[in-house]
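*Asks:* After the structure tokens below, expect a handful of questions from me.
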Amino acid sequence: MTVALPEQATRKYDLGFARWVRDNVNGGAKMSMCMQCGMCSGSCPIGTEMDQGPRKLFMMIRAGMKDEVFNSSTIWNCTSCYNCTVRCPRGVPVTYIIQDLAAKAVEFGYVKKVENARFAKAFWWSAKTFGRTDERLMTAKYYFSFGLVEGMKRGLANLKIAIGMVRTKRMHIGMPHKIKDTKGLQAILAKAAEIDARESKGGA
Amino acid sequence: MTDRKPGVYICKGCGIGEAVDTGALEALASGDLKVPVGKQHDFLCGAEGVATIEKDVADGLVNQPIIAACSQRVMTDQFNFDGAQTVRANLREWVAWAMPAGEEDTQMAAADQVRMGVAQASKMDVPEARVEEGLNTRILVVGGGSTGLNAALEAAATGHDVLLIEKTGKLGGWGAQWSKRMPHRPPYRDPQDNNVSSLIEAVQGNSAITVMTDTTVAETDGMPGRFNVKLANGSGEKQETVGAIVVATGWRPYDATKLGHLGYGASPDVVTGVELEGMLANGGVKRKSDGAVPRTVAFALCAGSRDPEHLPYCSSVCCGSSIKQALQIVEADPEAMVYIIFQELRTPGTAEEFYRQAQEAGVIFMKGKVKSVGADLTVTVDDELLGQEIPMTGLDMVVLATGRVPKATDPDKPAAEGGEEQLANDINPVAPIARAGEAEIATPAWSEAVPEGGPILNLQYRQGPHLPMLADGFADSHFICFPYETRRTGIYTCGPVRRPMDMAESAEDAAGAVLKAVQAIRSAQGGMSLHPRVGDLSFPKFGLDICTKCRRCTVECPFGAIDENEEGFPELNATRCRRCGTCMGACPVRTISFDNYNVQMVSEMISAVEIPDEFSEKYRILILACENDAAPALDMAGINRHSLNAEIRLIPVRCLGSVNMLWISDAFQRGYDGAMLMGCRSGDDYQCHFVKGSGIAEERMANVGQTLQSLMLEEGRVRSVEVSIADSAKVGKMIDEFVEEIRGYGMNPFKGF
Ligand SMILES: Cc1cc2nc3c(=O)[nH]c(=O)nc-3n(C[C@H](O)[C@H](O)[C@H](O)COP(=O)(O)OP(=O)(O)OC[C@H]3O[C@@H](n4cnc5c(N)ncnc54)[C@H](O)[C@@H]3O)c2cc1C
Ligand code: SF4
Ligand code: SF4
Ligand code: SF4
Ligand code: SF4
């Protein structure tokens, strides 16, 4: 799919990383237009929940801080609201870049260290399988991704909330709710994967 | 003037008639003031009003019409009468429009305006013009770089003969060595072909321009209209006469060997921007160490610029020229990795487009300061945005965008002798100018103050051989308000010798300097003053009978216009004089005067004001306002109907430098309660139209305190303030505050003496 990370990209500060992002990440070609004004980070509604925020993330890419970028919570906490992209004075497709960095992080095996990545994986499993999120199964999948003991621990810690949700019909027990045409959804997703594979080189 | 025939003409238009009793003013003129002709008119500047005055002048009744109407700055054509000398008393902006209509105090202010106008006329004469025949109109351009070439072409285009001298054997300066130019035409995106060679051809093909290479100036003497210039080249010396001089001696790169911390000298692959230009122009960029084409290159911007240890200023082109070079490298090898490490990227003019172009081409811009460059080309960047130090490794080449040093001196010439002894600090070209409220700045010794090397023009002036410099060794050029104006009339600087700039800016600058030179020549021919007293025909006259040869005038003249003759008396170089009157303000025995402006005239005006007695509760504050900025600001205050305190009495002066401290003591002895000087900003960011005038006034003011003490008056009764032309809304408040303070002191006990 993606061109492998540059070979020398094992040092902490890797000069080739910015070029690699430019050539391989969706929207990366426009990242060079960033003038570090900070409009994106300032506009981000959950910027306070991010360790870096987009502006700094881009600076880290320029500095070649590959591992820090892929391990950053920024790429996982982005809600795709597109505030940053709309407001960027330099036309940088911030959201695309962040999303694709997350995808690349999965691809290159960075996710294990990042909680948000596990959650995203669980979320995606539910969405892909049922066409919607099933709170109970998704949460279980997420919790148990940390291992059996940790999964139990987390489940118990949130038991009260879970019971409350069931009572108020926010979560349901029994067979997961599904959309009508899961087959159709699978076909759509397969097609999307095919297009992605075909056009996986950068460009917004 | 042997036979003065004043006539007072009072205008009732523009609201003056509603605000003051003009009939009473007319009665004052013909009564107490005994002016033979006194008239009022509904609309004095209209055809009928003007005709009335014209007729009186033609009939020989009046030769000094005193126009009590609007500001001296307006209607100058209407109130200009052949064979007569006009005096203006401002009833409109300074009284009717600024003070409450119909009140006693307003009427008193108007009456004093008329009194002052009549007093002024009584001490004024029509200036005797001094016109010299046969002045030279040729323009000398010193320096044959792109700026000098442009200056020569511009000067020739105005119809003047040009003498262009160049120190080296070749024309074109640095610019001729660049492989490409930063874009100077739309769409301002790509490096453009260097066209300096076509400039050289145009100069060489122009019959009005004489080019002398391998030539420098050995000595310069004289004044606008006849500068005698001794030119030196290998074969000897040659005397030439020119009318004006344009200096375009450009710049030299900052000495990179002082940048050891940036790896210069430690590795052959750390090069300067100028060295890189050499490679780009001669077959492409190669490493000096192994001849390989570098694939990963970092540019360290501000190398030695904006650095208090080196050059404190921004060299202005290195951001742009580094972008140009980066683009050239990426164009030659699209896979090359180019980093530009900047603190602030400065993209003046259209360079923002150029910056975008480089970003699009994939040049990577990093914001940070290069802390060090190692012999192995490891660049340590103090990354401001990440808040950490980043070591960049694996680079093939590091380019230092070194700054530029102005060539306001000639580094190859020996330092000029005699600078220090000549007239010590007063005329040290870089001596800081005093500023109100600031502790005295230590004047650097001549040797520290003047950059290494000798003077470019080697002026044979009493004030020393150098062109005055301002901060950081740049030629002083009235940086804030009037570019190109140096402190040596008829000599103008342009290009990076006065401020860092690129070739496109320098070309415009050259045109500006040339137009100034043309003005200097034309004004010299007409015996007229240059900016800002354009067209003034008066000159300072020196009453040598009582002159004590103290040389204050020579020392304080901001333009180096005065020399001394063999007997030690001051001698004016007429066309260097700008008529600021600073010499007049300086002279301790008050023997310097202009026909139309002199110490006695202002003294009479001060005395003409009627001072109400100590029981009246009416204060009188004298304001001496510089006619260049302060007086117009006061005019604007009236125009915008901001109120002015009715207890002030305003006298416009040519420059605060012309204020003789006698006036202040006169005022207090006459019973004024306070005095205020309003002038332009002084200091090294001065806005004084005569450069040093307001600063000199500041220095003189320091001694006024003693005078006041001897009169048993509070020092706070005198104040000097900086007023710019934009201060019209503030100036009234400044006055009110001052008047309030004076009221705190109470009335001047000298009233009635
Ligand atoms: C690396 C680099 C790249 C640049 N690239 C660009 C660019 O792409 N585009 C651009 O617009 N600008 C560029 N600049 C700036 C540009 O070089 C200057 O603006 C330009 O050189 C100014 O020309 P000048 O004639 O004033 O000065 P100079 O080029 O310095 O010429 C001055 C001339 O005067 C002569 N001279 C000096 N002293 C005397 C004396 N005492 N008597 C007689 N002659 C004397 C000198 O020999 C010289 O020929 C660059 C600057 C740098 C450092
Ligand atoms: S808003 Fe755009 S230009 Fe500004 S920092 Fe964010 S990405 Fe960069
Ligand atoms: S032009 Fe740029 S590189 Fe040069 S001194 Fe100024 S900010 Fe620094
Ligand atoms: S009027 Fe001004 S320029 Fe002229 S000699 Fe006096 S101080 Fe110098
Ligand atoms: S300041 Fe006056 S006294 Fe002194 S040298 Fe000049 S003219 Fe003579």
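The values are calculated or read from the model by the stated rules, or taken from the named source; none is laboratory data. Computed from a predicted model, the values in this text were never measured in an experiment. Note that we place each Cβ from the backbone using ideal geometry, even for glycine, and neighbour counts take in every protein chain shown. When the accessible area is computed, the model is the full protein with side chains, heavy atoms only, and any ligands, DNA or RNA have been set aside. Shrake-Rupley method; radii C 1.70, N 1.55, O 1.52, S 1.80 Å.
*Asks:* Inspect all residues belonging to segment B:370-381 and state whether any of them is touching a residue at least 12 places away in the same chain (Cβ under 8 Å), open to solvent by less than 50 Å² (accessible area, probe 1.4 Å) and either in contact with a Cys (Cβ under 8 Å, 6 or more places away or on another chain) or within 25 Å of B:Pro500 (Cα to Cα) (or both).
*Replies:* Checked segment B:370-381: at least one residue is touching a residue at least 12 places away in the same chain (Cβ under 8 Å), open to solvent by less than 50 Å² (accessible area, probe 1.4 Å) and either in contact with a Cys (Cβ under 8 Å, 6 or more places away or on another chain) or within 25 Å of B:Pro500 (Cα to Cα) (or both).
*Asks:* Working only within segment B:393-410, note down all residues that are part of a strand (DSSP E or B) and among the hydrophobic types (A, V, I, L, M, F, W, C).
*Replies:* Correct list: B:Met397, B:Val398, B:Val399, B:Leu400, B:Ala401, B:Val405.
*Asks:* On to the next question. Within segment A:76-103, restricting attention to residues that are among the aliphatic types (A, V, I, L, M) and not in a loop (DSSP other than H, G, I, E, B), which residue is nearest to A:Met35 (Cα to Cα)?
*Replies:* Filtering first and then ranking leaves A:Val94.
*Asks:* Could you please find all residues in segment B:76-129 being touching a residue at least 12 places away in the same chain (Cβ under 8 Å) and of a type in the set (Asp, Glu)?
*Replies:* Across segment B:76-129, the qualifying residues are B:Asp82, B:Glu93, B:Glu103, B:Asp105, B:Asp112, B:Asp125, B:Glu128.
*Asks:* Name every residue in segment B:350-379 that is more than 11 Å from chain A (Cβ to nearest Cβ) and out of contact with any strand residue (DSSP E or B) (no Cβ under 9 Å at 6 or more places or on another chain), in order of residue number.
*Replies:* Once the filter is applied, which keeps residues that are more than 11 Å from chain A (Cβ to nearest Cβ) and out of contact with any strand residue (DSSP E or B) (no Cβ under 9 Å at 6 or more places or on another chain), segment B:350-379 yields B:Thr350, B:Ala351, B:Glu353, B:Phe354.
*Asks:* Show the residue pairs that are 6+ apart or on different chains and have beta-carbon atoms under 6 Å apart, the first residue being within segment B:317-346 and in contact (Cβ under 8 Å) with a residue 24 or more places away in the chain and of a type in the set (Phe, Trp, Tyr), the second being within 12 Å of ligand 1 (Cβ to nearest atom) and not in a loop (DSSP other than H, G, I, E, B).
*Replies:* Close Cβ pairs satisfying both conditions: B:Phe342/B:Leu301.
*Asks:* Among strands (runs of 3 or more DSSP E) lying entirely in segment B:551-663, which contain 3 or more residues that are open to solvent by less than 10 Å² (accessible area, probe 1.4 Å)?
*Replies:* In segment B:551-663, B:621-626, B:648-653 are the strands (runs of 3 or more DSSP E) which contain 3 or more residues that are open to solvent by less than 10 Å² (accessible area, probe 1.4 Å).
*Asks:* If I filter segment A:49-71 for residues that are of a type in the set (Gly, Ala, Ser), farther than 21 Å from B:Gln359 by Cα and more than 12 Å from chain B (Cβ to nearest Cβ), do I get at least one hit?
*Replies:* The answer is no; no qualifying residue exists.
*Asks:* Which one of these does B:Asp333 not meet: (1) crowded, with 24+ Cβ neighbours inside 10 Å; (2) within 14 Å of another protein chain (Cβ to nearest Cβ)?
*Replies:* All conditions pass for B:Asp333, except number (1).
*Asks:* Still on this structure: Among the residues of segment B:1-21, which ones are touching a Lys or Arg at 6+ places or on another chain (Cβ under 9 Å), surrounded by fewer than 20 Cβ atoms within 10 Å (Cβ to Cβ) and not charged (D, E, K, R)?
*Replies:* B:Gly13, B:Cys14, B:Gly15
*Asks:* Still on this model: Just need a number here: residues in segment B:202-216 that are in contact with an Asp or Glu (Cβ under 9 Å, 6 or more places away or on another chain) and open to solvent by less than 60 Å² (accessible area, probe 1.4 Å).
*Replies:* Looking only at that region, the number is 7.
*Asks:* List pairs: first residue in segment B:545-565 and over 24 Å from B:Thr489 (Cα atoms), second residue away from ligand 1 (no atom under 16 Å from the Cβ) and part of a helix (DSSP H, G or I) anywhere in the structure, Cβ distance under 6 angstrom, at least six positions apart or on different chains.
*Replies:* Pairs found: none.
*Asks:* All but one of (1) under 24 Å from A:Asn83 (Cβ atoms); (2) surrounded by fewer than 20 Cβ atoms within 10 Å (Cβ to Cβ) hold for A:Phe108; state the number of the condition that does not hold.
*Replies:* Checking A:Phe108 against (1) under 24 Å from A:Asn83 (Cβ atoms); (2) surrounded by fewer than 20 Cβ atoms within 10 Å (Cβ to Cβ), the one that fails is (1).
*Asks:* Identify, from the list B:Ala375, B:Ala332, B:Ala358, B:Ala351, the residue that is small (Gly, Ala, Ser) and farther than 23 Å from B:Leu280 by Cα.
*Replies:* That would be B:Ala375, the only listed residue that is small (Gly, Ala, Ser) and farther than 23 Å from B:Leu280 by Cα.
*Asks:* While we're looking at this one, here's another question. Restricting to segment B:289-304, and then to whatever is modelled with pLDDT of 95 or more and open to solvent by less than 10 Å² (accessible area, probe 1.4 Å), can you tell me which residue is farthest from ligand 3 (Cβ to nearest atom)?
*Replies:* B:Pro294
*Asks:* Something else about it: I'm trying to understand the selection: among the residues of segment B:382-405, which are more than 8 Å from chain A (Cβ to nearest Cβ) and buried (at least 17 other Cβ atoms within 10 Å of the Cβ)?
*Replies:* Passing the criteria: B:Asp396, B:Met397, B:Val398, B:Val399, B:Leu400, B:Ala401, B:Thr402, B:Gly403, B:Arg404, B:Val405.
*Asks:* While we're on this one: Looking at B:Gly134, is it over 29 Å from B:Val518 (Cα atoms) and of a type in the set (Gly, Ala, Ser)?
*Replies:* Judged against the criteria, B:Gly134 is not a match.
*Asks:* Out of the residues in segment A:43-55 that are part of a helix (DSSP H, G or I) and polar (S, T, N, Q), which is most open to solvent (accessible area, probe 1.4 Å)?
*Replies:* The qualifying residue most open to solvent (accessible area, probe 1.4 Å) is A:Thr48.
*Asks:* If you go through segment A:27-42, how many residues are more than 12 Å from chain B (Cβ to nearest Cβ) and either within 16 Å of ligand 3 (Cβ to nearest atom) or open to solvent by 10 Å² or more (accessible area, probe 1.4 Å) (or both)?
*Replies:* Residues that pass the stated criteria total 3.
*Asks:* Still on this structure, please answer the following. State yes or no: is B:Ile696 closer than 30 Å to B:Arg499 by Cα and either in contact with a strand residue (DSSP E or B) (Cβ under 9 Å, 6 or more places away or on another chain) or open to solvent by 60 Å² or more (accessible area, probe 1.4 Å) (or both)?
*Replies:* no
*Asks:* Report yes if B:Ala266 is under 30 Å from B:Thr380 (Cβ atoms), aliphatic (A, V, I, L, M), touching a residue at least 12 places away in the same chain (Cβ under 8 Å) and surrounded by fewer than 17 Cβ atoms within 10 Å (Cβ to Cβ), otherwise no.
*Replies:* Yes.
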